[in-house]
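These notes are about the structure you will find just below.
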Amino acid sequence: MQTVIQLLFTALQIGAVYILFSLGLTLVYGVMRVVNFVHISAFIPKVIAAGYSVGMAYFLTSLGAIAATLVLAVLVYKFALRFFLRDMDGAFILTMGLALFLDGVLLETFGGAVRMVPEIFGGTVTILDVKITLQRLVLCGTAVVVTAVLYWAMAATKLGKALRAVAADHEAAMLQGIPYNKLALSGFMIAAFLAAVAGALIAPVTIVSPFMGADFLMKGFVAVIVGGLGSVQGAIVGALLIGFVESVGGYYFDSSTATIAIFVLVIVVLLFRPKGILANG
């Protein structure tokens, strides 16, 4: 029983980061109808920037890096992505190319060596006879709070309702006076913010390198495919499922087997629910 509880906690910790990342992907898809592969490049500078400081400096650096990520998001949108709104093929080529370019810039700037961020919150806590590091508990708790705030904002605020309206029918939303281009920029910046927060949270519990982004991109994208593109609830469910499969598979087998199991899950879901478990429409 203790092993089961431990695996569930581990799945929640893993899924918490995937939730933030997949929410950004599904938000961009819902508003713009594009798959944003440059999303991962907003994630990488964040964790690398956080890798040079500890304690209070870590938090100050995190704030600065989040701001830098938002500036990068504005530049990418203004000078590139806004010309390919609701153009799946064009946006795919554009964002994939930008992701490779930015990853190359990071590799040239910081080198390919891995870095470790020292533990910010030391110690462990015991929950239901299971020991959990305080660092991972803070990670999970912060991710839950951010997700809850986003979920509330999407349901209760004017911006959130406008984003949902555009996701449901952007032409009808525009006829009602909703400024689509400004709203698309807002959605893109929210997605970049979520990526930056995910980077800040994951940095102290993993190794940091310019190559780590591909794995998060794959897992986040798989999560939204499983949950349903454009569905906030689906992104959450998909991320938790991926976290659970990765936790159980990694414990009883190995990481390679867990990855294979994730893709088997994708195949099964697409066979029976081609649009995802909780797809809109």
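Just a few scattered comments:
- Remark: pairs (first residue in segment 83-109, touching a residue at least 60 places away in the same chain (Cβ under 8 Å); second residue assigned to a helix (DSSP H, G or I) and among the aromatic types (Phe, Trp, Tyr); Cβ separation under 9 Å; 6+ apart in sequence or on different chains) = LEU85/TYR180; THR95/PHE84.
- Of all the residues in segment 243-268, those that are touching a helix residue (DSSP H, G or I) at 6+ places or on another chain (Cβ under 7 Å) and over 19 Å from VAL35 (Cα atoms) number 14.
- Candidates SER53, SER41 - the one that is at pLDDT below 75 and not in a helix (DSSP H, G or I): SER53
- When the test is whether a residue is over 23 Å from GLY187 (Cα atoms), assigned to a helix (DSSP H, G or I) and either at pLDDT 80 or above or in contact with a Cys (Cβ under 6 Å, 6 or more places away or on another chain) (or both), GLY104 passes it.
- Test for ALA195: is it in contact with a Leu (Cβ under 9 Å, 6 or more places away or on another chain) and either touching a residue at least 60 places away in the same chain (Cβ under 8 Å) or farther than 27 Å from GLU119 by Cα (or both): yes
- Here is the figure for segment 203-225: residues that are β-branched (Val, Ile, Thr) and either in contact with a Lys or Arg (Cβ under 9 Å, 6 or more places away or on another chain) or farther than 30 Å from VAL268 by Cβ (or both) total 3.
- Top-ranked residue of segment 83-95 - restricted to ones that are surrounded by 14 or more Cβ atoms within 10 Å (Cβ to Cβ) and not aromatic (Phe, Trp, Tyr), ranked as nearest to ALA198 (Cα to Cα): THR95
- Residues of segment 102-128 classified as open to solvent by less than 50 Å² (accessible area, probe 1.4 Å) and not charged (D, E, K, R), total: 10
- From the options LEU8, LEU27, residue that is at pLDDT 75 or above, in a helix (DSSP H, G or I) and surrounded by fewer than 17 Cβ atoms within 10 Å (Cβ to Cβ): LEU8
- Taking the criterion of being under 23 Å from the mean Cα position of the chain (by Cα), assigned to a loop (DSSP other than H, G, I, E, B) and either β-branched (Val, Ile, Thr) or under 8 Å from SER209 (Cα atoms) (or both), the residues of segment 113-123 that qualify are VAL114, VAL117, ILE120.
- Hits in segment 224-281 - residues which are over 21 Å from the mean Cα position of the chain (by Cα) and within 16 Å of ILE19 (Cα to Cα): none
- Applying a threshold of 8 Å to beta carbon distances and a minimum spacing of six or more residues, or different chains, the list of pairs starting in segment 146-160 at a residue that is over 17 Å from ALA192 (Cβ atoms) and ending at one that is exposed (fewer than 10 other Cβ atoms within 10 Å of the Cβ) is empty.
- Filter result (among the small types (Gly, Ala, Ser), in a helix (DSSP H, G or I) and either touching a residue at least 40 places away in the same chain (Cβ under 8 Å) or more than 15 Å from ALA192 (Cα to Cα) (or both)) within segment 59-82: SER62, ALA65, ALA73
The values are calculated or read from the model by the stated rules, or taken from the named source; none is laboratory data. None of the values given here were measured: they were computed from a predicted structure. Methodologically, a virtual Cβ is constructed for each residue, glycine included, from the backbone with ideal geometry; neighbour enumeration extends over all protein chains shown. When the accessible area is computed, the model is the full protein with side chains, heavy atoms only, and any ligands, DNA or RNA have been set aside. Shrake-Rupley method; radii C 1.70, N 1.55, O 1.52, S 1.80 Å.
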